[in-house]
Amino acid sequence: MQGLVVWKMNEKFMKNCNLRKTPVIVLRQLIMIFITVSSIFPLYFMFINSIKTKEEYVVNKLSIPLKYTFANFINIVIDKNIARGLFNSIILTVGSVLLVTVLSALAAYALSKMKVPFKKGIMNIVVSLMVFPPAVMIIPMFVFFVSIRLINNFVSPILIYTGLMMPFSIFLLYSFFNNIPHELIEAAKIDGCSNIRIFSRIIIPISKPALITLIVVNSLWVWNELLIALIFLQKDSLKPLMVLVTLFRSRFSTDIPLTMAGLVIATIPMLLLYFFGQGFFQKGLIAGALKE
């Protein structure tokens, strides 16, 4: 009888807990719906207006177009500067992301698995550099690259992007490498593997989630970056796609649908990259969050 009373009390308590949690769950779902809609709405607005005429855009900016037109995309594709800008963006993104991935992986492996003097101090410096604003370095970097004659050259923005992305990249990979059992490294050394062989044959294959996450995040940043590309690549033939779209907007300020078509074209490569790496994205973002 006493057990029955206790069970009834527990059942009543659980019901009250569920009733108390219900408003919290509803509020949480509403917040998630709001965040989702806020994230998707810019894509909707951009695509819907890219297939409108100027007149229809002026009449209603948010509605679905009554008459679809792809003339804006045709005009963008015909424009040689846009095609060249797409090619320039690919060069900058691939070059800087590839370089920073290789360098940060080597640095993170050394700091995580090798005996490095002042390891904690180095990591403290890396973390502090993550919050350092790039804008304060623009003038010194510009003066330096002018002195070595690398303005209007892809080398200068690639080197700058690599330096700016290094702190976050090292921090992310360092956190992931710390979760790799040290016994695995020791066993490989006993079998006669060098550090380079361990890095290339063991560390890299099991670090795909973190590496793909790093590639996606850094690619998005480089692809959308404007300030450095605008300052260090002053020739129109060298400007990346996002810079050309902003200049295109200023030249054709009344033709918003044409600008939206350019933004759609600029967005597609990054969406494809994200969808390609989304399977590893979540695993990479939580790398290092759990300890052994």
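Data table
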| read-out | value |
| --- | --- |
| Qualifying residue in the stretch 80-97 (condition: basic (Lys, Arg) and out of contact with any Ser or Thr (no Cβ under 9 Å at 6 or more places or on another chain)) | yes |
| Filtered residue count, the stretch 46-101, keeping only those that are farther than 20 Å from Gln234 by Cα, under 29 Å from the mean Cα position of the chain (by Cα) and among the hydroxyl-bearing types (Ser, Thr, Tyr) | 2 |
| Selection from the stretch 37-95 of residues that are among the small types (Gly, Ala, Ser) and more than 30 Å from Val222 (Cα to Cα) | Ser63 |
| Residues (basic (Lys, Arg) and either in contact (Cβ under 8 Å) with a residue 24 or more places away in the chain or surrounded by 20 or more Cβ atoms within 10 Å (Cβ to Cβ) (or both)) located in the stretch 66-99 | Arg84 |
| Counted residues, the stretch 39-62 - those being loosely packed, with under 11 Cβ neighbours inside 10 Å and either modelled with pLDDT under 80 or among the acidic types (Asp, Glu) (or both) | 1 |
| Residue in the stretch 119-137 that is of a type outside the set (D, E, K, R), touching a Lys or Arg at 6+ places or on another chain (Cβ under 8 Å) and surrounded by 12 or more Cβ atoms within 10 Å (Cβ to Cβ) present | no |
| Unmet criterion (only one of (1) touching a residue at least 24 places away in the same chain (Cβ under 8 Å); (2) surrounded by fewer than 14 Cβ atoms within 10 Å (Cβ to Cβ)) for Val102 | (1) |
| The stretch 77-92, subset of a type in the set (Val, Ile, Thr) and at pLDDT 80 or above, residue nearest to Pro269 (Cα to Cα) | Ile90 |
| Candidate set from the stretch 144-165 (those that are surrounded by fewer than 19 Cβ atoms within 10 Å (Cβ to Cβ) and under 23 Å from Tyr109 (Cα atoms)); member that is modelled with the highest pLDDT | Leu159 |
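The values are calculated or read from the model by the stated rules, or taken from the named source; none is laboratory data. Note that the structure is a prediction, hence the values are computed from the model and not measured. Here Cβ is always computed from backbone atoms with ideal geometry, including for glycine, and neighbour counts include all displayed protein chains.
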